[in-house]
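These notes concern the structure reproduced below.
Values quoted throughout were computed directly from the atomic coordinates according to the rules given, and no laboratory measurement underlies them. The structure presented is a predicted model; accordingly, all values stated were derived computationally and were not measured. Here the Cβ positions follow ideal geometry from the backbone for every residue, glycine too, while neighbour counts run over all protein chains shown.
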Amino acid sequence: MTQLVIEQALNGLQFGLMLFLLAAGLTLVFGIMDMINLSHGSLYMGGAYLGAAATHASGSFLIGMLTSMAGMAVIGVLLEITLLRKLYQRDHLVQVLATFALILIANEVVRMLWGSKPLMLNPPANLAGPVELLGFSYPAYRLLIIAVGITVAGLLYLLVTRTRTGMWVRAGASNREMAEVLGINVRRLFTGVFALGAALCALAGILLGPLLAVQVGMGESILILSFVVIVIGGIGSIRGALIGSLLVGSVDTLGRALLPTLLRSVTAPEIARQLGPAIASILIYLLMAGILFWRPQGLFPARG
Amino acid sequence: MSTLLDIRHVAAAYGESQVLFDISLAIGEGEVATLLGRNGMGKTTTIRAICGFIPLSAGCIEFSGATIAGDRPAQIAKRGIALVPEGRQIFPNLTVKEHLLAFAANRSGNRDPWTVAKVFSVFPQLAERANHLGNQLSGGEQQMLAIGRALTTNPRLLILDEATEGLAPLIREEIWHCLASLRAVGQTILVIDKYVQRLINLADHHTIIEKGRGVWQGSSAALDADHGIWHRHLGV
């Protein structure tokens, strides 16, 4: 039981960190430009496909990863300059409709390029096996994801909290007009934020590729979780996105793994078997509702 | 003395509703000017037009001899205009020190530029709260920070919209004192406030606007001499 809990806690941490890579970009886009970008999940899908293709072509997971991040950053910038920029001044309904259209287009483009069968993406050969950890074995590749996730999250956190660019990003997220009148070109800053967000989506996509299938539609489910994360964390807040990601990642993973077992100890096995998965799948939404009831602006509101 | 800001016959609208009809105002280097008028007459809108937030439908605005109307707010700011806005607009998620570091520049080529340390020496209260977030400050501290934040850009023109609104009397005095010492070192200032007598003591010349039009312009002496103007246009 202890081993299961530790293992699932690590899985939760790993999933939470990957969620953070998506949520970080999403929350800044929403916070600074007041823009709901549903196509954020498509950048994640695009990153996974591009990464898988580049890995197969080059034979190196690392090259695949870097190619995918660079490629998606470029695609992100092009998308922002040509299309999304025109949507900032429009209302949320227009943004939702237009970026939903982008999801459909992205899914079709991927289907045309790579077909509708899921792509196989293997972890690097030397990380394919398990490692001994505290007396039980845990997949080495998942440990790598945790390590990369912690590193990137740490770097991003330093960038946002310790650098002047980070101050501009936070200022832009809380009061765009005031940041501009102080001389910050928020539009250009935002293009940079968008490129970084797209690269982080790609990183999450290729890292999760070997664990989940690389397939059309993979962006949508994780997009919804990312929105839950940024609403819990407070829109526009990087710290909120980090805490929210870890909360959602671990509650979701631990809930699915442990809730049926826990329920079995208090109710009849038959009821536990049916109720457990049902409750587990709505657990993060209960978490969100609870947090919003307690703090309607999320845990770390970026706006005053 | 050369003209720094020159606003000529400016008109502007928010969408369909026209707010400014005919505003003219010139400020020379080193001068302190005010914009007076009752609430809703177009003072803040005039400032938003200077800062590039609303397009002009007529007239022109020149800063240091170059047309700035049509430029983006960030471009205008970089030319050397800094705003202490109504409501102070402190960033709740930046610390006091970050407010003073993030936008620091020397846009006027000041030989003794404003720095964090210099702002802290003028407003010691801010130094004590250097690591507090913007939303943890009192109204007075926020106003000091808003002024400090504008000064760290070392602007050629400092604009204050409602310099002392909503502040306790002692804090108000501190702000007036600060503005007087800024004037003494040659800072060009455009200020909006309700305390006409204090503005007369501080400023060189005044522009009164009513329903989006300039209705009176003159020196401090002229405004001080005719309190009828106060009653007619300012309701005081």
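How far is helix A:140-162 tilted off the main Cα axis of chain A, in degrees rounded to 10, range 0 to 90? It is inclined by approximately 30 degrees.
Of B:GLU62, B:GLU174, how do they rank once you tally other Cβ atoms within 10 Å and put the fewest first? All intermediate terms of the calculation are to be shown ahead of the outcome.
Working: B:GLU62 16, B:GLU174 19.
By the 10 Å Cβ count, ascending, the order reads B:GLU62, B:GLU174.
Pairing the Cα long axis of helix A:61-82 with the longest principal axis of chain A, what angle in degrees results, from 0 to 90 and rounded to the nearest 10? The angle comes out near 40 degrees. The share of alpha-carbon pairs in region A:123-238 lying farther apart than 22 Å comes to 49%.
State, as an integer percentage, the relative contact order of region A:2-294 based on alpha-carbon contacts under 8 Å between residues 6 or more apart.
Working: 435 pairs, mean separation 107.1, N = 293.
After rounding, I find 37 percent.
Between A:GLN3 and A:LEU275, the simple label model (points 7 Å from Cα in the Cβ direction) yields a spacing of 3.0 nm. Sequentially through region B:104-116, phi angles give Karplus couplings (6.51, -1.76, 1.60; θ = phi - 60°) of 4, 6, 10, 7, 9, x, 4, 6, 10, x, 5, 10, 4 Hz, Gly and Pro residues having no value and appearing as x.
Exposure proxy check: A:PHE194, B:PHE63 ranked by fewest other beta carbons within 10 Å? Each step should come with its number before you reach the end.
Working: A:PHE194 27, B:PHE63 22.
By the 10 Å Cβ count, ascending, the order reads B:PHE63, A:PHE194.
Extension gain, A:TYR285 to A:ALA128: 0.36 nm times the residue separation minus the Cα-Cα distance gives 53.1 nm. Here's how it looks for B:TRP216: its modeled amide H is under 5 Å from those of B:ILE208, which are all 5 or more places away or on a different chain.
Evaluating 6.51 cos²θ - 1.76 cosθ + 1.60 at θ = phi - 60° for every residue in region A:176-188, the Karplus couplings come out as 4, 4, 5, 4, 5, 5, 8, x, 8, 7, 5, 5, 5 Hz, glycine and proline recorded as x. Which residues does a label at B:ALA168 reach in region B:90-112, if reach means a backbone N under 18 Å from a point 7 Å past the Cα toward the Cβ? Answer for region B:90-112: none. Taking a ≥ b ≥ c as the square roots of the eigenvalues of the Cα gyration tensor, an a/c ratio of 1.5 or more together with a/b no larger than b/c marks region A:210-275 as oblate.
Amide H to amide H, with H built 1.01 Å from N, A:LEU133 comes under 5 Å of A:TYR138, counting only residues 5 or more places away or on other chains.
Working note: Cα atoms of region B:67-220, range along each principal axis, descending, whole Å: 46, 37, 30. Calculate how steeply helix A:218-233 sits against the longest principal axis of the alpha-carbon atoms of chain A, using the helix alpha-carbon long axis, and give the answer as 0 to 90 degrees to the nearest 10. Once rounded, one gets 80 degrees. Estimated purely from DSSP H runs of n ≥ 4, each contributing -39500 (n - 2.57), the mean residue ellipticity at 222 nm for chain B is -9000 deg cm²/dmol once divided by its residues.
Between B:GLU16 and B:CYS60, the simple label model (points 7 Å from Cα in the Cβ direction) yields a spacing of 3.2 nm. Label-to-label distance, A:LEU159 versus A:HIS92, with points set 7 angstrom from Cα along the beta-carbon direction: 2.7 nm. The ranking of B:CYS51, B:CYS60, A:CYS201, B:CYS178 from fewest to most other beta carbons within 10 Å of each one's beta carbon is B:CYS60, B:CYS178, B:CYS51, A:CYS201. Amide H contacts under 5 Å for B:LEU56: B:GLY70, restricted to partners 5 or more places along the chain or on a different chain, H placed in the peptide plane at 1.01 Å from N. Once you reduce region A:68-119 and region B:180-222 to the center of their Cα atoms, the two points are 52 Å from each other.
For region B:1-98, the list of trypsin sites (Lys or Arg not before Pro) that fall in a loop by DSSP and count at most 16 other C-beta atoms within 10 angstrom reads B:ARG38.
Over all Cα atoms in region A:2-294, the spread is summed up by Rg and Dmax: 19.6, 65 Å.
Grab the DSSP H runs of chain A that are 4 residues or longer, score each as -39,500 (n - 2.57), total them, divide by all residues and round the 222 nm result to the nearest 500 deg cm²/dmol. Value at 222 nm, helices only, nearest 500: -26000 deg cm²/dmol.
In the protein assembly as shown, inverting the average of 1/r over every pair of distinct C-alpha atoms gives 26.2 Å as the Kirkwood radius. Positive end of the dipole of chain B (Cβ unit charges, origin at the Cα centre): among B:THR95, B:SER219, B:HIS177, the Cα lying farthest that way belongs to B:THR95.
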